[in-house]
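Written out below as structure tokens is the structure these notes cover.
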Amino acid sequence: MTEARDFIAFSPSAARNCQPILQQLAALLSGDESVLEIGSGNGQHAVYFTEQLTGLRWLPSEIAPQLPLLQTNLDVHGCANIDEPVVLDLRHQNWDNGLPEVDLIFSANTLHIISWTEVVSLFARAEAILKPAGRVILYGPFRYNNAFTCESNAEFDLWLKARNPDSGVRDFEQVNSLAHAANLTLECDIGMPANNQLLVWRRGG
């Protein structure tokens, strides 16, 4: 992984979870998929995954205020299989306008940051840009049966809500219901390090 000093706004958590996520992606994917990443942050995941899975075609995205940071890091660290990043704002009802069809929508550590309205928006338009049998893969903490999986996630949820009442660790059942309404069938729910999950849905299952 690129050293911390080489990335603007380096994320230690992204550096820690890159390898565990990559291990799962390598097992799930054929390796030649087109990928839309929602909420690419500073681009660490995009760079790491495309360096390791060189057949992927990766389209990073961010909201407009964050795009210059993402672009700057990709200008330095990006590779041929990373496309120019695009502005994507889930607060816009038709956020998929102008985007190509993709095999995979990927997002890491975003659902607990964005509002529930934006979570709904993500799933509402996902099918419109997913190819047949395309997937949605989300990484992060989730609650199950109205309960946190650990005390640290409960504390994290309180911290998130203190910063922004619209954020918070999401309930798996509610998220899965949105996926089901969007013609997405849960393929697997994989336990990950640091009390996170990797949720994988497939279109038209």
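You can think of it this way: the chain between residue 79 and residue 174 has 30.5 nm of extra reach, that is 0.36 nm per residue less the Cα-Cα gap.
Against the compact-protein benchmark of 2.2 N^0.38 Å, the Cα-based radius of gyration of region 23-130 scales to 1.01. Using θ = phi - 60° in the Karplus curve 6.51 cos²θ - 1.76 cosθ + 1.60, the 3J(HN,Hα) couplings for region 41-47 round to x, 8, x, 4, 5, 4, 5 Hz; x is entered for Gly and Pro. Between the residues 74, 134, 176, the greatest Cα displacement towards the positive end of the dipole of the chain, with unit charges on the Cβ of Lys, Arg, Asp and Glu, is found for 176.
Computed over the chain, the per-residue total of -39500 (n - 2.57) for DSSP H runs of n ≥ 4 gives a 222 nm mean residue ellipticity of -11500 deg cm²/dmol, rounded to 500. DSSP finds beta bridges in the chain, and of those with both partners inside it, around 50 percent are antiparallel. Cα-based radius of gyration for the chain, normalised by 2.2 N^0.38 Å, reads 0.96. Placing +1 on the Cβ of every Lys and Arg and -1 on the Cβ of every Asp and Glu, with nothing else charged, gives region 72-165 a dipole about its Cα centre of roughly 300 debye.
Heavy-atom accessible surface of residue 144, to the nearest 10 Å², is about 50 Å², with a 1.4 Å probe and all protein chains retained. Heavy-atom accessible surface of region 113-205, averaged per residue, reaches 48 Å², computed with a 1.4 Å probe. Between residue 116 and residue 152, the modelled label-to-label distance comes to 2.7 nm, taking each label 7 Å out from Cα in the direction of the beta carbon. Between residue 92 and residue 19, what is 0.36 nm times their sequence separation minus the Cα-Cα distance? Round to one decimal in nm. Length difference between fully extended and current span is 23.0 nm. 3J(HN,Hα) couplings calculated from phi for region 7-17 with the Karplus curve 6.51 cos²θ - 1.76 cosθ + 1.60 (θ = phi - 60°) are, in sequence order, 10, 6, 6, 4, 10, x, 5, 5, 5, 6, 8 Hz; Gly and Pro show x. In the chain, taking the dipole from charged Cβ atoms about the Cα centre, the farthest positive-side position among 34, 56, 123 is held by 123. All other residues whose Cβ lies under 11 angstrom from that of residue 55 are scored, Lys and Arg at +1 and Asp and Glu at -1, for a net of -1.
Here the gap between residue 27 and residue 183, fully extended at 0.36 nm per residue and compared with their Cα-Cα distance, gives a gain of 53.8 nm.
Amide H to amide H, with H built 1.01 Å from N, residue 143 comes under 5 Å of 170, 171, 172, counting only residues 5 or more places away or on other chains. Ligands, DNA and RNA left out, the accessible area of region 63-195 computed with a 1.4 Å probe is 52% carbon and sulfur. When the chain is described by a simple charge dipole with +1 on each Lys and Arg Cβ and -1 on each Asp and Glu Cβ, the residue from 204, 154, 14 located farthest towards its positive end is 154. When only the Cβ of Lys, Arg, Asp and Glu is charged (+1, +1, -1, -1), the dipole of region 1-76 relative to its Cα centre reaches about 160 debye.
Using only side-chain charges placed at the Cβ, +1 for Lys and Arg and -1 for Asp and Glu, the dipole size of the chain relative to its Cα centre rounds to 280 debye. Put simply, the amide H of residue 34, placed in the peptide plane, has neighbours under 5 Å in 57, 103, 104, leaving out anything fewer than 5 places away on its chain.
The values are calculated or read from the model by the stated rules, or taken from the named source; none is laboratory data. In this text, all values refer to a predicted model and were calculated from it rather than measured experimentally. Don't worry about glycine lacking a Cβ; one is built from the backbone with ideal geometry, like all the others, and counts go over all protein chains shown. When the accessible area is computed, the model is the full protein with side chains, heavy atoms only, and any ligands, DNA or RNA have been set aside. Shrake-Rupley method; radii C 1.70, N 1.55, O 1.52, S 1.80 Å.
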